[in-house]
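As structure tokens, the structure follows; a few thoughts come after it.
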């Protein structure tokens with residue numbers, strides 16, 4: 001696709017996969033991250049390292065990658081009371097949602113990314129929202145993203161396209177997509193250099209990456225990896241075309 005895309009890159013598995021997708025599909029790509037007082041702020045620390053290593057390993061993408069924007073949204077952490085912005089145990093809230101849900105987070109992220117896109121002449125905004133195997137976050141739903149795209153476009157008098165390449169795939173398929181985009185090298189890079197764990201734990205490297213292994217984010221990432229690993233075994237067990245007579 002022609003034009004410039006801004007990728008909401010948190011430093012996690014999903015946004016890293018979306019970044020690779022955007023680099024494959026757009027002429028120019030910029031990244032944006034948000035410091036909102038998250039307790040797992042180690043994700044902000046891994047962002048730059050991932051970008052540096054990725055550009056070394058994938059020179060075809062290096063020419064397409066532009067500026068990285070880091071925006072201070074500390075006010076979001078100040079007004080929210082969640083397990084991602086306070087020292088609290090992860091549990092279900094009275095509303096039936098996990099208290100890892102930060103109200104308004106994706107709404108604000110997409111709006112700010114679009115505002116940066118206005119200045120950078122970028123109409124494509126890419127995010128890792130997904131409602132296939134998510135935790136029920138209402139701001140990850142496809143209807144929410146489409147409605148916000150319309151509202152932001154009207155409010156800024158500019159046509160935006162909000163892309164969510166992971167919306168209808170599960171975590172196993174997300175690992176598979178990474179493999180399709182950058183092969184085993186990209187899968188290893190995402191496994192070793194991204195962060196998803198809500199606890200911010202990078203003390204142990206599991207077969208699926210770093211994390212506490214017990215929080216919902218780790219459980220989802222690990223289960224997706226197990227599905228992907230089984231698929232890889234199936235690929236390797238099937239005879240190649242050269243072996244078929």
- prompt: What about residue 10, is it within 11 Å of the chain's Cα centre (by Cα) and not in a helix (DSSP H, G or I)?
  reply: yes
- line: So the helices (runs of 4 or more DSSP H) completely within the stretch 51-164 holding 1 or more residues that are touching a residue at least 60 places away in the same chain (Cβ under 8 Å) and in contact with a strand residue (DSSP E or B) (Cβ under 6 Å, 6 or more places away or on another chain) are 105-120
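Condition test on residue 43, is it crowded, with 19+ Cβ neighbours inside 10 Å and either out of contact with any helix residue (DSSP H, G or I) (no Cβ under 7 Å at 6 or more places or on another chain) or not in a helix (DSSP H, G or I) (or both)?
Numbers: crowded, with 19+ Cβ neighbours inside 10 Å: yes; either out of contact with any helix residue (DSSP H, G or I) (no Cβ under 7 Å at 6 or more places or on another chain) or not in a helix (DSSP H, G or I) (or both): yes.
Criteria met by residue 43.
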message: Could you tell me how many of the residues in the stretch 56-66 are out of contact with any helix residue (DSSP H, G or I) (no Cβ under 8 Å at 6 or more places or on another chain) and surrounded by 12 or more Cβ atoms within 10 Å (Cβ to Cβ)?
response: 1
- prompt: Are there any pairs, at least 6 apart or on different chains, whose C-beta atoms fall under 9 Å, with the first in the stretch 8-21 and in contact (Cβ under 8 Å) with a residue 24 or more places away in the chain and on the phi > 0 side of the Ramachandran plot and the second surrounded by fewer than 24 Cβ atoms within 10 Å (Cβ to Cβ) and assigned to a strand (DSSP E or B), and if so, which?
  reply: 11/33
message: So residue 215 ticks every box in (1) buried (at least 19 other Cβ atoms within 10 Å of the Cβ); (2) in contact with a strand residue (DSSP E or B) (Cβ under 6 Å, 6 or more places away or on another chain); (3) at pLDDT below 95 but one. Which box is left unticked?
response: (2)
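If you take the residues of the stretch 119-129 that are out of contact with any helix residue (DSSP H, G or I) (no Cβ under 6 Å at 6 or more places or on another chain) and surrounded by 15 or more Cβ atoms within 10 Å (Cβ to Cβ), which of them is farthest from residue 17 (Cα to Cα)? Can you show your working first?
If we filter the stretch 119-129 for residues that are out of contact with any helix residue (DSSP H, G or I) (no Cβ under 6 Å at 6 or more places or on another chain), which is where we start, we get 119-124, 127.
Subset that is surrounded by 15 or more Cβ atoms within 10 Å (Cβ to Cβ): 120, 122-124, 127.
Details: 120: 23, 122: 20, 123: 20, 124: 16, 127: 10 Å.
Across the stretch 119-129, the extreme among qualifying residues is 120.
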- request: Check residue 183 against each of (1) under 19 Å from residue 22 (Cα atoms); (2) in contact (Cβ under 8 Å) with a residue 24 or more places away in the chain and name the one condition it does not meet.
  value: (2)
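Does residue 53 meet the test of being modelled with pLDDT of 95 or more, surrounded by fewer than 17 Cβ atoms within 10 Å (Cβ to Cβ) and in contact with a helix residue (DSSP H, G or I) (Cβ under 9 Å, 6 or more places away or on another chain)? Steps first, answer last, please.
Working: modelled with pLDDT of 95 or more: yes; surrounded by fewer than 17 Cβ atoms within 10 Å (Cβ to Cβ): yes; in contact with a helix residue (DSSP H, G or I) (Cβ under 9 Å, 6 or more places away or on another chain): yes.
Spelling it out, residue 53 is indeed modelled with pLDDT of 95 or more, surrounded by fewer than 17 Cβ atoms within 10 Å (Cβ to Cβ) and in contact with a helix residue (DSSP H, G or I) (Cβ under 9 Å, 6 or more places away or on another chain).
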task: Look through 23, 44, 84, 70 and report the one residue that is closer than 17 Å to residue 189 by Cβ and under 17 Å from the mean Cα position of the chain (by Cα).
output: 23
task: Determine whether residue 5 is more than 17 Å from residue 192 (Cα to Cα), modelled with pLDDT under 95 and surrounded by 21 or more Cβ atoms within 10 Å (Cβ to Cβ).
output: no
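Return the residue satisfying two criteria in turn: it lies in the stretch 165-202 and is in contact with a strand residue (DSSP E or B) (Cβ under 8 Å, 6 or more places away or on another chain) and outside any helix (DSSP H, G or I), and of such residues it is nearest to residue 132 (Cα to Cα).
The first filter runs over the stretch 165-202 and keeps only residues in contact with a strand residue (DSSP E or B) (Cβ under 8 Å, 6 or more places away or on another chain), leaving 165, 190-192, 194-197, 201-202.
Within this subset, residues satisfying the condition of being outside any helix (DSSP H, G or I) are 165, 194-197, 201-202.
Numbers: 165: 12, 194: 21, 195: 20, 196: 17, 197: 19, 201: 25, 202: 27 Å.
Looking at the filtered set, the residue picked out is 165.
The values are calculated or read from the model by the stated rules, or taken from the named source; none is laboratory data. All of these numbers come straight from a predicted model, not from anything done at the bench. All Cβ positions, even for glycine, are placed from backbone atoms using ideal geometry, and neighbour counts span all protein chains on display.
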